[in-house]
Amino acid sequence: MATASIPPTTEARDVFRELGYTVTEGGQEFVAERKWRRVHVTALSSDGTEDLGPYLADGGETPRLRCFVTWRDHATALRDDLTALKPPYDWAVIGVDGDDFVVMEGAPGSP
């Protein structure tokens with residue numbers, strides 16, 4: 001695993017490709033599409049769990065589905081932060097560690 005200050009951008013794309021999504025290229029934010037689903041994906045380092053503001057109020061139309069990908073040992077903290085912030089969209093957190101990953105959904109009844 002890379003250092004926690006580097007977002008897992010390559011791993012995030014690999015996870016979505018493995019799940020059958022087509023992904024756009026770019027930096028730490030990209031779009032993953034499969035059938036009718038369009039997911040706005042953001043890869044975050046551990047530092048991103050402290051300041052989610054830019055990712056919650058990024059302007060324009062609010063995406064229906066968001067996924068935040070971080071290193072596995074920071075995924076629970078990110079999920080807890082998002083649960084407390086109650087963003088206005090459906091979201092999930094994916095924690096990655098090498099080729100392995102775990103998906104954590106938002107709180108029941110959220111967005």
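I want to check the label-to-label distance for residue 25 and residue 37. Put each point 7 Å from Cα in the C-beta direction and report it in nm to one decimal.
For residue 25 paired with residue 37, the spin-label model returns 2.5 nm.
List the residues, sorted by chain then number, that are 5 or more residues from residue 91 or on another chain and whose placed amide H is less than 5 Å from its amide H.
66, 106
Throughout, read-outs are computed from the coordinates displayed, never taken from laboratory work. This one's a predicted model, so the numbers in the text were calculated from it and none came from an experiment. Neighbour counts are summed over all protein chains in view; Cβ atoms, including those assigned to glycine, are modelled from backbone coordinates with ideal geometry.
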